[in-house]
1. Answer yes or no: is there a residue in region 355-369 that is in contact with a strand residue (DSSP E or B) (Cβ under 7 Å, 6 or more places away or on another chain) and either among the polar types (S, T, N, Q) or part of a strand (DSSP E or B) (or both).
2. What residue, of I174, I186, is of a type outside the set (K, R) and not in a strand (DSSP E or B)?
3. Restricting the first residue to region 53-82 and requiring it to be assigned by TED's automatic domain parsing to the domain that holds R253, which pairs with a second residue that is part of a loop (DSSP other than H, G, I, E, B) and hydroxyl-bearing (S, T, Y) meet a Cβ separation below 6 Å and a spacing of at least six or different chains?
4. So which residues in region 368-384 are modelled with pLDDT of 90 or more and either of a type outside the set (S, T, Y) or over 22 Å from the mean Cα position of the chain (by Cα) (or both), if there are any at all?
5. What pairs come out if I take residues in region 133-145 that are outside the structural domain of T327 (by TED's automatic domain parsing) and within 14 Å of T327 (Cβ to Cβ) and pair them with residues that are assigned to a strand (DSSP E or B) and β-branched (V, I, T) whose C-beta lies under 9 Å away, six or more apart or interchain?
6. With respect to S313, determine if the residue is within 24 Å of F45 (Cβ to Cβ), in contact with a Lys or Arg (Cβ under 7 Å, 6 or more places away or on another chain) and among the small types (G, A, S).
Amino acid sequence: MVYDAPTQDTGAVRDGTGLGRQGDPETTARLWRNLVRIPFNKTCFGPREEAAAVQALRGGRLEGDGEFTGKACEGLRGIVGTPLVLLTPSGTHAIELGLRALGIGPGDEVICPSFAFVSTANAVVQLGARPVFCEIEPDTLNLDPKDLDRCLSGRSRAVMPIHYGGVPCDVDAIRAALGDRPVSIIEDAAHALGSRYKGRPVGTLGKVSAFSFHDTKNVSCGEGGAMATTDQSLMAKAEIIREKGTDRAAYLRGETEAYTWISTGSSYLLADLLAAVLAVQLERWQEIQERRRRVWETYRGFLEPYRDSGRISLGRVPSWAAQNFHTFWFLARDPRDRGRILASLRARGVMASFHFIPLDSAPFAQERLGTGPALAVTADVSGRLVRLPLYPSLTQDEIQYVLNSLERTLRE
């Protein structure tokens, strides 16, 4: 069968500016003949981003905390729901900055999922602390609160859950598992800008949070990140660390006549040139999100019969979660089936992908951290996960091509 996706007309099919109208048979046939390569991700940049970058270049002030940094931060505040936001060169830097502001250091332990990008654990190790790897839920791929008790010790200073794929983790369940222990929650929200947990914005649920604007994220400036908090005292510490250990931020606000060396720190500023691109992306937030939503929901509708027949497993979006449609994923029956699905899709020009290799099984963790036996759910999920291309400029014909390729792949 050929799957007919929704027919909403959100832009022209031919120029790739939107999801487009119903895929026409002629174009679909051409795609099949040419086995057009559909990348896993394509950044949604256009004339407005280009104009902003040129404006920044001509303005002559490209270092951090310039005009465009202010515009980008203003856009972020409206989405994240807190005025306390600092741009950083990457999501990795945002995590490091948050950990340093919390005073995490040697002898401390930070609990995080093993199913994560290496930056999550690396930031902990960089500060001389130790990451402790926690299990994930098999249907959300988020940290499993029921495994926290095993991970907690007298050295635990923080737990760093990831909102995987933009679906918020169960923060209230994590709080309940922590009880009255003095353990801070740090949100790794690299996937989850704009997501909401029980009506509350992701990024305001813990002590500090970190976002990413890498090329693969919903909004991007190539590389970039942001640290957010609702704690003014933590923000004050982070500002000093971010400005090489000086009170330069206070000086720029006119709060002091000069700035000087206050404490240890580093350079965690995003160049204003990149902030110019990010500011425009944030202005286009609703447009980008709507296009991503339609792609995600089209994939979901197509794959639900395969889930019902037991051919694949689909992720769960809890009723209290409002996701941002960052990632579309499903689970194959086993690793061999996953390998066959990925190879078949790629042979047809559809660049589907797997995702994280469990950190607890990595050579560095095994040799340097002394991690124990593999986490069963994490190992299982990692070997079966398939992610489909998802980006705003996917045309209707391209979406239909992906679905036709899936149809043939899942019936092989």
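1. No, every residue in region 355-369 fails to be in contact with a strand residue (DSSP E or B) (Cβ under 7 Å, 6 or more places away or on another chain) and either among the polar types (S, T, N, Q) or part of a strand (DSSP E or B) (or both).
2. I174
3. Cβ pairs passing all conditions: G81/T204; T82/T204; T82/T230.
4. Correct list: L375, A376, V377, A379, D380, V381, G383, R384.
5. L141/I162; N142/I136; N142/I162
6. No, not satisfied.
Residues checked against (1) aliphatic (A, V, I, L, M); (2) in a helix (DSSP H, G or I):
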site: F68; (1), (2): no, yes
site: V85; (1), (2): yes, no
site: A94; (1), (2): yes, yes
site: G105; (1), (2): no, no
site: A116; (1), (2): yes, no
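Yes/no matrix, rows are residues, columns are (1) modelled with pLDDT of 95 or more; (2) buried (at least 18 other Cβ atoms within 10 Å of the Cβ); (3) touching a Phe, Trp or Tyr at 6+ places or on another chain (Cβ under 8 Å); (4) under 17 Å from G91 (Cα atoms):
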{"residue": "S156", "(1), (2), (3), (4)": "yes, yes, no, no"}
{"residue": "G166", "(1), (2), (3), (4)": "yes, yes, yes, yes"}
{"residue": "G179", "(1), (2), (3), (4)": "yes, no, no, no"}
{"residue": "I186", "(1), (2), (3), (4)": "yes, yes, no, yes"}
{"residue": "A189", "(1), (2), (3), (4)": "yes, yes, yes, yes"}
{"residue": "Y197", "(1), (2), (3), (4)": "yes, yes, yes, no"}
{"residue": "S209", "(1), (2), (3), (4)": "yes, yes, no, yes"}
{"residue": "A226", "(1), (2), (3), (4)": "yes, yes, yes, yes"}
{"residue": "L234", "(1), (2), (3), (4)": "yes, yes, no, no"}
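The values are calculated or read from the model by the stated rules, or taken from the named source; none is laboratory data. If you're wondering where the values come from, they're calculated on a predicted model, not measured in any experiment. Glycine gets a Cβ as well: all are built from the backbone with ideal geometry, and neighbour counts include every protein chain shown.
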